[in-house]
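Below: the structure, in structure tokens.
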Amino acid sequence: MEALYLHAPHQAPAVRDIPAPLPGPGQVRIRVVAAGICGSDTHIVHGANPAARFPLILGHEIAGVVEKAGSEEDQGLIGMPVAVNFLITCGTCRQCAAQRSSLCQRREGLGIVHHGGLAEYVVVPTRNIIPIPDGVPFDHAAIATDAYATPWHAIRKSGISAGEGCLLNGAGGLGLAAVQLLSALGVGPIAVVDPRPEARKAAVDAGADNVSAKVSELQDPPLLPHIFDFVGISETISSLLELLPAGGQLSVVGLGGPMTVQMDNSLVRDEKTVTGSYAFTDEDISYVLQKMAEGKLNPDQAIGRTISLGEAPAALDPAGPERGYGRTVVRM
Ligand SMILES: [Zn+2]
Ligand SMILES: [Zn+2]
């Protein structure tokens with residue numbers, strides 16, 4: 001099979017022909033139909049993800065069809081269209097037992113530790129597959145598994161509800177999906193900060209009420225009770241903390257670089273909450289797929305371009321051109 005193979009960090013990934021993997025007990029083999037390229041794939045190529053193991057087939061936003069099952073009891077799954085939760089968890093640790101699988105103490109990612117889905121076939125644990133509802137195309141289902149499920153996890157944990165306002169920092173793949181999810185929830189007003197004009201335009205199209213290039217340029221700083229940061233570097237977090245009103249909550253979702261957060265005692269006096277949000281659970285992916293099936297989201301707007309596997313190395317080459325706006329989806 002053809003696969004996007006990364007020998008070692010700082011090298012250009014290349015498409016290679018390698019034997020297709022076989023599913024063992026409790027595993028299924030997926031014929032991949034669509035797989036997203038995530039900003040964190042670029043981090044792996046740049047050597048910035050210490051968890052990554054090499055050589056590695058990249059790709060953790062995976063949708064396809066179950067094609068082979070390693071266990072007798074899973075034969076009935078063959079032919080099922082599925083999305084994949086890329087986080088392989090133990091199912092038994094304290095966090096897994098408390099339904100917080102994204103915090104599993106033994107979590108390992110497909111496309112990070114194990115071979116991922118930028119390939120014709122990928123083998124995954126049977127319990128990592130999630131059925132795709134009728135009417136959701138594979139390229140939408142692929143980005144449901146991370147680009148949408150990650151912001152949804154943060155939105156759900158924040159407890160924000162219809163009629164409340166919020167501020168989002170960063171309208172890249174995740175931020176833009178967040179605007180769509182918040183709009184669908186009836187949240188508003190939604191203010192968005194992003195230095196890129198095309199990102200601000202996309203945010204308005206997705207339902208943002210108010211956009212600006214910098215936090216300091218926000219017209220009438222909105223003092224909204226919920227702030228979501230999809231950038232995740234010290235500088236943005238510090239400027240967002242200054243805006244956070246008494247009783248407000250800052251949810252940090254981005255992992256953009258070194259992060260050191262300093263707070264004064266307004267944390268206590270103003271009862272501010274600062275929280276992190278990582279990845280998602282199966283339930284988060286199922287929620288997003290359901291909203292896509294109901295036509296409540298606009299995944300086509302979040303997809304910047306659709307390419308072939310042969311075009312994927314250039315899209316990930318550290319020395320290559322800047323990637324275009326929006327998610328890149330590879331169609332096998
Ligand atoms: Zn990702
Ligand atoms: Zn666990």
> Projected onto the charge dipole of the chain (+1 at Lys/Arg Cβ, -1 at Asp/Glu Cβ, origin at the Cα centre), which of S238, G76, I285 gives the Cα projection farthest towards the positive end?
Replying inline: G76
>> Using a probe radius of 1.4 Å on heavy atoms only, what accessible surface per residue do you get for the chain? Whole Å² is fine.
In response: 43 Å²
> Seen from all sides and averaged, what is the projected area of the convex hull of the Cα atoms in region 143-223, in nm²?
Replying inline: 4.9 nm²
>> With +1 on the Cβ of every Lys and Arg and -1 on the Cβ of every Asp and Glu, and nothing else charged, how large is the dipole of region 149-276 about its Cα centre, in debye rounded to the nearest 20?
In response: 280 debye
> Rounded to a whole number, what % of the accessible area of region 149-276 do carbon and sulfur atoms account for, probe 1.4 Å?
Replying inline: 52 percent
> Considering the dipole of the chain built from charges on the beta carbon (Lys and Arg +1, Asp and Glu -1) around the Cα centre, which of G248, V330, V113 is farthest to its positive end?
Replying inline: V113
> Treating the beta-carbon of each Lys and Arg as +1 and of each Asp and Glu as -1, no other charges, what is the dipole magnitude of the chain about its Cα centre, to the nearest 20 debye?
Replying inline: 460 debye
> Setting aside same-chain residues fewer than 8 positions from K157, which lysines have a Cα under 27 Å from its Cα?
Replying inline: K214, K272, K291, K296
>> Distances longer than 34 Å among the Cα atoms of the chain: what percent of all pairs is that?
In response: 22 percent
>> What percent of all Cα-Cα pairs in region 149-276 falls into each 5 Å bin, going from 0 up to the bin containing the maximum distance?
In response: 2, 12, 24, 26, 22, 10, 3, 0
> What is the distance in Å between the Cα centres of region 159-202 and region 26-95?
Replying inline: 28 Å
> When DSSP assigns beta bridges and you keep just the ones with both residues in the chain, what percent turn out antiparallel, to the nearest 5?
Replying inline: 55 percent
> Rounded to a whole number of µm²/s, how large is the Stokes-Einstein D of region 1-134 at 4 °C and 1.567 mPa s, given Rh as the Kirkwood radius over C-alpha pairs?
Replying inline: 85 µm²/s
> Using just the C-alpha positions of region 79-204 as equal point scatterers, what log10 of I(q)/I(0) does the Debye formula give at each q in 0.11, 0.14, 0.20, 0.21 1/Å?
Replying inline: -0.49, -0.77, -1.19, -1.22
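The values are calculated or read from the model by the stated rules, or taken from the named source; none is laboratory data. These figures come from a predicted structure and were not determined experimentally. Positions of Cβ are backbone-derived with ideal geometry, glycine not excepted, and every protein chain shown enters the neighbour counts. Heavy atoms of the whole protein, side chains included, go into the accessibility calculation; ligands, DNA and RNA do not. Shrake-Rupley method; radii C 1.70, N 1.55, O 1.52, S 1.80 Å.
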